[in-house]
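The structure under discussion appears below in the form of structure tokens.
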Amino acid sequence: MFESVLVANRGEIAGRILRTARAMGLKVIAVYSEADADLPFVAEADEAVLIGPADPARSYLNAAAILEAAHRTNARAVHPGSGFLAESAAFARQVADRGLVWVGPPPLTIARMGDKINARNLMKEAGVPVAPGVWEPVPDTGTAIEEAERIGYPVMVKPAAGAGGIGMAAAHHEPSLREAYATARTHAERVFGQGDVLLERYVEGARHVGVQILGLADGMVVALGDRDCSVQRRHQEVAVETPSPGVPPALRERMLAAAVHAGEAVGYRGAGTVEYLVDPAAQDFFFLEMTTRLQAEHPVTEMAGGIDLVEQQFRIAAGEPVSFTGVAPRGHAVEFRVLAEDPRHFLPGTGEIKVWEEPVGDGIRIDAGYAEGTTVTTHYGPLLAKLCVHGDDRDHALARARAAVDAFRIEGPPTNLPFLRELLDRPEFAAGAYDTGLVGRMRARR
């Protein structure tokens, strides 16, 4: 095991990685921007290095500055966290070229899964179900129209590169397809640096379910359960739970087995997630993408499975055996993203946090990136904390969640805590009978 690790990220995910590393006896090095100097993760690290101004391009996306910080502090490994450079194959190669341990999957795996069209093709070859769609980039609007007619409306149009739902849109007819294609191409070029666009069948009433995998140091791939990520606004998860209430046992077993095949097909190592669109009506599923990093949703898998995924990441990266012999998930776990945003329109908010009081009690876990007296700025995403709750079953977990949301006090910038309470009271969510359109329906009625 390496003696020290540099965490190339910020906020709650940096703090979460830092705490496991310290528990394992590792020296922890943080990097931070000028805007983040007062955040908790900086003070919690054994050593912290300023890497640039608030602009992410000049700090958390500045590979040269991060590698220089690793050199200056004699770090032996780099953990990229979630977001920023976590899914950059180029950065992973640079880390390895410097003789450092990369805590993540091999750079080639990141590159192969980073292109959604290439990933679809690889998964089909591996026998993983994929939705009807294209097998190469769609070069222009005319081709998009032809392909949509072949696939059958509605279709999902999205950039072939990147993640986070950026540039995605569903098209139900030719006029909306033209608009969606133009939007996807623009976002692909501006955000991801290449304009490739993908089309595939859009599944009405679908659920978005991911399967946590671990690729072990000896080459074996294991699946550690599923997570339902269907509660989304702007294609980004707001609430996640395990196990998915919309997946019966037989379908779950098929999904877990397919996720293992997917990981084996690309020589996966470390923690990753195989994501599916689930068609509840047909009791079927389709490969969506493979996320080649630690996901923000990982705490629910940890709470249900009694496992520390970051510890396993470190062990696998060091070539050591994992510290568990098997995982039998128990009970039910739910995670809510507490965001600095208006709870009605989901517009981001900023400002100093004047009050921060976290809920406490059995089955409650808070992964926080901020604290009282810190300031939320415009430079980064609005995630303040992840409120995670575990219970003996789903009803027990949701009852604890309602109490926890009511007890969480944050004053200063606006937060989505009122929306989370509204979600918990929504009959569709309470019954577990929801899909990716839930948040849109909640707002359409008001």
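Of everything in region 215-224, what is farther than 22 Å from N121 by Cα and either surrounded by 23 or more Cβ atoms within 10 Å (Cβ to Cβ) or in contact with a Phe, Trp or Tyr (Cβ under 7 Å, 6 or more places away or on another chain) (or both)? Give them in sequence order.
Within region 215-224, just L224 meets the criteria.
On the basis of being among the β-branched types (V, I, T) and over 20 Å from T242 (Cβ atoms), does V266 make the cut?
Yes; evaluated as a whole, the condition is true for this residue.
Which of (1) out of contact with any Cys (no Cβ under 8 Å at 6 or more places or on another chain); (2) closer than 25 Å to R330 by Cα is the odd one out, the single condition L288 does not satisfy?
With (1) out of contact with any Cys (no Cβ under 8 Å at 6 or more places or on another chain); (2) closer than 25 Å to R330 by Cα applied to L288, the lone miss is (2).
Table: residues versus (1) touching a helix residue (DSSP H, G or I) at 6+ places or on another chain (Cβ under 6 Å); (2) within 23 Å of D308 (Cα to Cα); (3) modelled with pLDDT of 95 or more.
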position	(1), (2), (3)
L6	yes, yes, yes
G11	no, yes, yes
I29	yes, yes, yes
E34	no, no, yes
I51	yes, no, yes
R72	no, no, yes
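Mind checking which residues of region 369-399 are of a type in the set (D, E, K, R) and closer than 18 Å to S244 by Cα?
Within region 369-399, the first condition is being of a type in the set (D, E, K, R), and the residues that meet it are 372, 386, 392-395.
Listed by number, the residues that qualify are D392, D393, R394, D395.
Tell me, please, whether a residue that is among the charged types (D, E, K, R), assigned by TED's automatic domain parsing to the domain that holds E174 and modelled with pLDDT under 95 can be found in region 119-140. Steps first, answer last, please.
To start, the set of residues in region 119-140 that are among the charged types (D, E, K, R) comprises 120, 124-125, 136, 140.
With assigned by TED's automatic domain parsing to the domain that holds E174 added as a condition, the list becomes 136, 140.
Restricting the remaining residues to those that are modelled with pLDDT under 95 gives 136, 140.
Yes, some residue in region 119-140 is among the charged types (D, E, K, R), assigned by TED's automatic domain parsing to the domain that holds E174 and modelled with pLDDT under 95.
Could you check how many residues of region 388-409 are closer than 19 Å to E12 by Cα and either of a type in the set (K, R) or free of Cβ contacts under 8 Å to residues at least 40 places away in the same chain (or both)?
Looking only at region 388-409, we keep the residues that are closer than 19 Å to E12 by Cα, and these are 388-389, 404-405, 408-409.
From what is left, the residues that are either of a type in the set (K, R) or free of Cβ contacts under 8 Å to residues at least 40 places away in the same chain (or both) are 409.
Within region 388-409, residues that are closer than 19 Å to E12 by Cα and either of a type in the set (K, R) or free of Cβ contacts under 8 Å to residues at least 40 places away in the same chain (or both) number 1.
Determine if region 82-104 includes at least one residue that is of a type in the set (S, T, Y) and either in a helix (DSSP H, G or I) or surrounded by fewer than 18 Cβ atoms within 10 Å (Cβ to Cβ) (or both). Talk me through it step by step, then tell me what you get.
Of the residues in region 82-104, the ones of a type in the set (S, T, Y) are 82, 88.
Going one step further and asking which of them are either in a helix (DSSP H, G or I) or surrounded by fewer than 18 Cβ atoms within 10 Å (Cβ to Cβ) (or both), we end up with none.
No: zero hits.
So which strands (runs of 3 or more DSSP E) stay within region 218-324 end to end and still have 2 or more residues that are closer than 21 Å to E200 by Cα and at pLDDT 95 or above? Talk me through it step by step, then tell me what you get.
Values: elements: 221-233, 236-242, 270-279, 284-291.
Of the strands (runs of 3 or more DSSP E) lying wholly inside region 218-324, those with at least 2 residues that are closer than 21 Å to E200 by Cα and at pLDDT 95 or above span 221-233, 270-279, 284-291.
The values are calculated or read from the model by the stated rules, or taken from the named source; none is laboratory data. From a predicted model like this one, the values you see are computed outputs, not experimental measurements. We place every Cβ from the backbone using ideal geometry, glycine too, and count neighbours over all the protein chains shown.
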